[in-house]
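So the structure is just underneath, and the comments pick up after that.
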Amino acid sequence: MTKVLIATTKPFAPVAVEKITDILKTAGYEVILLEKYSEKKALLEAVADVDAAIIRSDIFDREVLEAGKNLKIVVRAGAGYDNVDLPAATENNQVVMNTPGQNANAVAELAIGMAIMGLREMFSGKPGGEMRGRTLGLHGFGFVARNVFRIARALGMEVIVYTRYSKAAAAAIGLKVTHSLEELYEKSDIISIHVPARGEHLKSVSYDVLQHLKDGSIIVNTARKEVVNEPDLVKIMEERPGIKYMSDVTPDCANLFEEKFNGRYFFTPKKAGAQTAEANLNAGVAAAEQIVAFFENGDKTFQVNK
Ligand code: 3PG
């Protein structure tokens, strides 16, 4: 019998677990649920004799993938797959997929929420600002950014974007594409980062780019901490006392923020962008359906380690 592991240190909402289980059981598969595990040992044991795994930000490194002797497919229920060692999976003939777009609205709503929180001076009672009329710069234009764009437009914002790969998609909806990242940072009141933690995006938010920010601007990061050069961010925040940083990922240098930037930053205690029942349902159900389609029809549509 095909065995599917659901391994989530940060569990899905119960309604999502129920629906995922239902889809897999209807296909005749056995479901093994490993939630809130704190030790890698538990994951290594659980993965040992399963055929498939549904995960979130759970680390599937070479050791875990190799421990999955029967493991044929890993589906990351979400967008970013920087937690999976793709070369190792490819070497083991294991297919890795994500579920693009499924949790995008949840992350976009958090990005907008954090932007408002920053503009309103962390709801401290100090006079803040309004979104309407301000310019929002989208750094990247994937599914999350497109949802941020939709919401920002409704709030009466000007929206501009810097993207290399989705220029046509942006232009098609009348969105102004800047010539460079520097231009995006220079023209925006609020920057929302939406690029993955790989390739040229790693540490792409560097001093060269940040120095173009206006004082008083807000950076919202619902992507990954790896896309920001943290020492450069600290440097610019020291130089410009009006800049704020709102992030769904706690930076490695969080202690420096505590020391130096009181009232100018916010970090969610645990990555919370996709933590809604709706996003869990959408991404979890997509993952379960992709696994069934893979085993029943050989469907590899969302494979990321091609
Ligand atoms: C993603 O990449 O889809 C988001 O960062 C959500 O990650 P999570 O499933 O760990 O909350």
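The values are calculated or read from the model by the stated rules, or taken from the named source; none is laboratory data. All values reported here derive from a predicted model rather than from experimental measurement. Positions of Cβ are backbone-derived with ideal geometry, glycine not excepted, and every protein chain shown enters the neighbour counts. We work out accessible area using only protein heavy atoms, side chains counted, and drop any ligands, DNA or RNA first. Shrake-Rupley method; radii C 1.70, N 1.55, O 1.52, S 1.80 Å.
For the chain, the relative contact order works out to 20 percent when only alpha carbon pairs closer than 8 Å and six or more residues apart are counted. Charge tally around residue 39: other residues with Cβ under 15 Å, Lys/Arg +1 each, Asp/Glu -1 each, net -2. Loop sites here are GluC sites (Glu not before Pro) outside DSSP states H, G, I, E and B with no more than 16 other Cβ atoms within 10 Å. The longest part of the chain free of them is 131-306.
Averaging the Cα positions of each part gives two centres, and for the stretch 181-223 and the stretch 227-244 these lie 11 Å apart.
Reported to the nearest whole Å, the Cα centre-to-centre distance from the stretch 98-137 to the stretch 1-25 is 31. How big is D, in µm² s⁻¹, for the stretch 159-306 by Stokes-Einstein at 25 °C and 0.890 mPa s if Rh is the Kirkwood radius over C-alpha pairs? Rounded to a whole number, D works out at 141 µm²/s.
In the stretch 133-194, which chymotrypsin sites (Phe, Trp or Tyr not before Pro) fall in coil by DSSP and have 10 or fewer other Cβ atoms within 10 Å?
165
Take every Cα pair under 8 Å whose residues are at least 6 apart in sequence, average their separation, divide by the length of the stretch 104-267, and the relative contact order is 21 percent.
Per-residue surface analysis assigns residue 212 an accessible area of about 60 Å², computed on protein heavy atoms at 1.4 Å probe radius.
Within the stretch 2-81, list the trypsin sites (Lys or Arg not before Pro) lying in a DSSP loop whose Cβ has at most 16 other Cβ atoms in a 10 Å radius.
Passing both the DSSP loop test and the Cβ count: 36, 69.
Here the calculated FRET efficiency for residue 255 and residue 208, from their Cβ-Cβ distance with R0 = 25 Å, stands at 0.50, rounded to the nearest 0.05. Nearest 10 degrees, 0 to 90: what angle lies between the long axis of helix 14-26 and the longest principal axis of the chain (Cα atoms)? Tilt of helix 14-26: around 40 degrees. One decimal place: the segment residue 35-residue 59 gains 7.3 nm when fully extended, by the rule 0.36 nm per residue minus the C-alpha distance. For the stretch 84-228, the equivalent ellipsoid built from the Cα gyration tensor has semi-axes of 28, 17, 16 Å, listed from largest to smallest. Of the cross-linked pairs 69/203; 126/167; 72/203; 203/306; 10/260, those separated by over 28 Å at the C-alpha level are 69/203; 126/167; 72/203; 10/260. Loop-located chymotrypsin sites (Phe, Trp or Tyr not before Pro) in the stretch 1-49 (DSSP state not H, G, I, E or B) with no more than 15 neighbouring Cβ atoms inside 10 Å: 37.
Entry comment: accessible area of the stretch 104-267 is 45 Å² per residue, from protein heavy atoms only and a probe of 1.4 Å. A simple count of charges around residue 216, restricted to other residues whose Cβ falls under 10 Å of its Cβ and scoring Lys, Arg +1 and Asp, Glu -1, yields +1.
When every Cα-Cα distance of the stretch 52-105 is counted in 5 angstrom steps from zero, the calculated P(r) takes the values 5, 23, 35, 22, 9, 5, 2, 0 percent. On a 0 to 90° scale, report how tilted helix 230-239 is relative to the longest principal axis of the chain, with both axes built from alpha carbons and the result rounded to the nearest 10. That works out to roughly 20 degrees. Measuring with a 1.4 angstrom probe and ignoring ligands and nucleic acids, residue 167 comes out at about 110 Å² accessible. Work the Kirkwood hydrodynamic radius out for the chain: mean of 1/r over every pair of different alpha-carbon atoms, inverted, in Å. In the chain this quantity evaluates to 20.3 Å.
Under 16 Å of direct C-alpha separation, and excluding same-chain neighbours fewer than eight residues apart, residue 41 reaches these aspartates and glutamates: 49, 58, 61, 63, 66.
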